[in-house]
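I have placed the structure first, in the form of structure tokens, so that the comments after it can refer back to it.
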Amino acid sequence: MLKSRYILGALVLLASSQFAQAQQPITRTNTVKGSATIVAIDSTLRIVTIRTASGEEDSLAVGPEVKRFNELKVGDRINMTYMESAVVMVQPPGTAPKPSTVGGAVTPGSGKSPSATVAAQVTTTVSVKAINPSVPSITVTTADGRTVTRKIENKKNLEGIKVGDKLDITYTQSVMLSAEAAK
């Protein structure tokens, strides 16, 4: 299920990118920055509740890999940078699919304040099942047999892609978090 979410994310991210010519890797990235203030901490359950400047609240479970959890305080500001990227390599028909991989890691920061980077990556091969230039859209079959269709913003982005082509997709998501003591 996790891998499926990443495949869908990669296709959505690439839906607005240029698929371009075969054998040229296509890269699409997106970065979002934000911050929130810690409004509550449940030390027993390791749950931190944060509030954005617009008033939205969310509660986040903090795993045991976060070693400096006890340094977090209500009122601290959490700065976040979310990044996602997808790299697609178009393979001609008959190319053997690469084995799918899923990986992730939490890397603690080394600064004065608690910080970490959380990252996950999936690599898989999908097969182009159909291309509809009038929508425009692309339909692919995943390694586990599911069919996924995504609309493409610009019809030119489908140039060079043919039914039967294999798309090697590497989709990466990461978030960098750092705490800033309340003033």
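Could you tell me whether Gly164 is assigned to a loop (DSSP other than H, G, I, E, B), exposed (fewer than 15 other Cβ atoms within 10 Å of the Cβ) and in contact (Cβ under 8 Å) with a residue 60 or more places away in the chain? Can you show your working first?
Numbers: assigned to a loop (DSSP other than H, G, I, E, B): yes; exposed (fewer than 15 other Cβ atoms within 10 Å of the Cβ): yes; in contact (Cβ under 8 Å) with a residue 60 or more places away in the chain: yes.
When the stated conditions are applied, Gly164 passes them.
Within region 143-154, if we keep just the residues that are modelled with pLDDT of 90 or more and among the polar types (S, T, N, Q), the residue that is farthest from Pro99 (Cα to Cα) turns out to be Thr149.
Matching residues to (1) surrounded by fewer than 13 Cβ atoms within 10 Å (Cβ to Cβ); (2) under 30 Å from Glu159 (Cβ atoms):
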{"position": "Thr37", "(1), (2)": "no, no"}
{"position": "Ser43", "(1), (2)": "yes, no"}
{"position": "Val48", "(1), (2)": "no, no"}
{"position": "Pro64", "(1), (2)": "yes, no"}
{"position": "Asn70", "(1), (2)": "yes, no"}
{"position": "Asp76", "(1), (2)": "no, no"}
{"position": "Met83", "(1), (2)": "no, yes"}
{"position": "Gly94", "(1), (2)": "yes, yes"}
{"position": "Lys98", "(1), (2)": "no, yes"}
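The values are calculated or read from the model by the stated rules, or taken from the named source; none is laboratory data. Quick caveat, the model's predicted, so the values are computed rather than measured. So basically every Cβ, Gly included, is an ideal-geometry build from the backbone, and we count neighbours across all protein chains shown.
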